[in-house]
Amino acid sequence: MSNLTGIMVGVALAYTLLLSIGLTGYIAYKPRRSSVKACNYEIVIVSKADEKVQRSLIESVKYHVSRFSHITLVVDEGAPLISTLRYLRGVRLIVVPSGYRRDLVGKGRALNYFVEHYVSPDKWYVFIDDDNLILDDSFLYEIPYYEAKGFVAGNGILLPRPGKSMVSYVMDWIRYIDDLTLYRFFTGLLGKPLIGLHGELLIVKGSVLKEIGFNNRSITEDFRFAVELVRRKYKTWQSNTRVSIKSPNSVKDLMIQRGRWFKGLITDIKYSPAPMKLIVGFRSFAWVLNLAVSVLFFPILVYLGLVWYILPGSIYYLASYTYGVIRSREPYLILLVPLFGFIEASSRIYGLMRVNDFVVIDKN
């Protein structure tokens with residue numbers, strides 16, 4: 001039992017450290033802003049533009065045109081919705097040729113084409129996904145402040161909105177809690193995206209986009225971009241802007257989504273600096289280890305009085321899921337909270353075994 005006790009002590013101490021880091025980020029960091037509003041920016045949506053995202057894409061395009069007057073939409077040649085998108089008001093449509101860089105995949109390929117052919121060094125680019133809705137314009141007041149301080153990239157705060165699955169919606173609130181704690185600490189307080197960046201509301205200076213690009217084959221292009229920022233010692237901030245993200249329409253889609261993220265992260269982490277490897281590696285595996293030990297040895301932990309060792313790793317996730325249940329206004333979902341951890345852990349296994357390419361899930 002000494003080996004089991006040692007494992008549990010190590011996991012408990014590490015999770016206590018993570019919780020302390022997250023709490024520090026939540027308390028100590030507050031985004032700064034200037035009194036003037038940026039005008040040298042462009043909002044860019046990259047989309048597969050097929051039937052799986054049709055309603056979300058059209059909703060997002062119309063919403064942002066009404067709010068910001070115009071947007072840029074990047075799609076692949078031959079995308080099923082091109083004929084519809086050509087006639088939308090306020091949209092600059094950019095079509096990625098079918099023969100362009102076939103060595104690249106998914107969103108990263110489209111982003112790299114856009115960077116190579118359309119990005120201006122002195123402009124700021126705000127990338128969002130085809131289901132995103134930018135809820136406020138705080139980021140436009142932050143850009144002038146952080147640009148003057150030498151910062152080159154920022155990220156927003158993700159706020160889930162329900163799709164067809166309330167379970168997925170509840171589970172997605174972990175992303176919001178992560179943003180207010182861990183991402184706020186690293187991306188905001190430290191100014192170093194050591195646990196990665198979101199592709200949703202990714203704000204980047206054009207000159208840095210031209211320098212780095214998205215010319216590495218990756219199914220998690222946002223994480224790989226963060227790796228390059230860290231390697232070059234560029235500074236980042238976390239915006240106060242909330243961006244609404246649509247939760248997956250089924251638990252299966254959520255698992256596919258999470259599985260892709262995990263597979264991409266594990267594939268790309270080898271390119272990151274040592275501190276990033278350490279932090280991301282621990283965050284990726286420690287929770288799964290905590291869950292596995294908790295499930296496999298729970299009766300033994302109770303018998304030996306060691307249950308409290310699993311509490312640091314459990315409290316964070318249980319609190320996040322419980323908050324999601326509260327936001328869902330479906331109290332009965334609290335009964336399913338113990339199962340959510342199994343879904344998250346299973347998605348990681350699924351990603352390692354089954355995901356080998358960029359996957360688009362249903363967002364209609």
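The values are calculated or read from the model by the stated rules, or taken from the named source; none is laboratory data. In this text, all values refer to a predicted model and were calculated from it rather than measured experimentally. Cβ: placed from backbone, ideal geometry, glycine included. Neighbour counts: every protein chain shown. These accessible areas exclude ligands, DNA and RNA; they are computed on the full protein's heavy atoms, side chains included. Shrake-Rupley method; radii C 1.70, N 1.55, O 1.52, S 1.80 Å.
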Check your understanding: open to solvent by less than 10 Å² (accessible area, probe 1.4 Å) and free of Cβ contacts under 8 Å to residues at least 24 places away in the same chain: does that describe Val96?
Key -> yes
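So which helices (runs of 4 or more DSSP H) stay within the range 138-215 end to end and still have 1 or more residues that are closer than 15 Å to Ser239 by Cβ and either open to solvent by 10 Å² or more (accessible area, probe 1.4 Å) or modelled with pLDDT of 95 or more (or both)? Don't jump to the end; show me each part of the working.
Values: elements: 138-148, 166-178, 206-212.
In the range 138-215, the matching helices (runs of 4 or more DSSP H) lie at 138-148, 166-178.
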Check your understanding: Can you find even one residue in the range 43-55 that is assigned to a helix (DSSP H, G or I) and of a type in the set (Gly, Ala, Ser)?
Key -> no
**Study point:** Lys30 assigned to a helix (DSSP H, G or I) and not aliphatic (A, V, I, L, M)
**Key:** no
Check your understanding: Tell me, which residue of the range 234-244 that is open to solvent by less than 20 Å² (accessible area, probe 1.4 Å) and hydroxyl-bearing (Ser, Thr, Tyr) is nearest to Ile45 (Cα to Cα)?
Key -> Ser244
Exercise for review: Quickly run through the range 297-353 and pick out the residues that are at pLDDT 80 or above, open to solvent by less than 70 Å² (accessible area, probe 1.4 Å) and of a type in the set (A, V, I, L, M, F, W, C).
Suggested key: Ala319, Val325, Leu333, Leu336, Val337, Phe340, Ile343
Practice item. Under 8 Å between Cβ atoms, at least 6 apart or on separate chains: pull out the pairs that start in the range 136-151 with a residue that is under 13 Å from Lys30 (Cβ atoms) and touching a residue at least 12 places away in the same chain (Cβ under 8 Å) and end on any residue that is open to solvent by 10 Å² or more (accessible area, probe 1.4 Å) and polar (S, T, N, Q). Key: Ser138/Asn240; Glu142/Ser34; Glu142/Asn240; Tyr145/Ser34
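Please find, among Ser294, Ser247, the residue that is over 23 Å from Tyr29 (Cα atoms), open to solvent by less than 60 Å² (accessible area, probe 1.4 Å) and at pLDDT 95 or above.
Result of the check over Ser294, Ser247: Ser247.
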Practice item. Among the numbered conditions (1) outside any loop (DSSP other than H, G, I, E, B); (2) open to solvent by 10 Å² or more (accessible area, probe 1.4 Å); (3) more than 28 Å from Glu116 (Cα to Cα), tell me where Val230 comes up short. Key: (3)
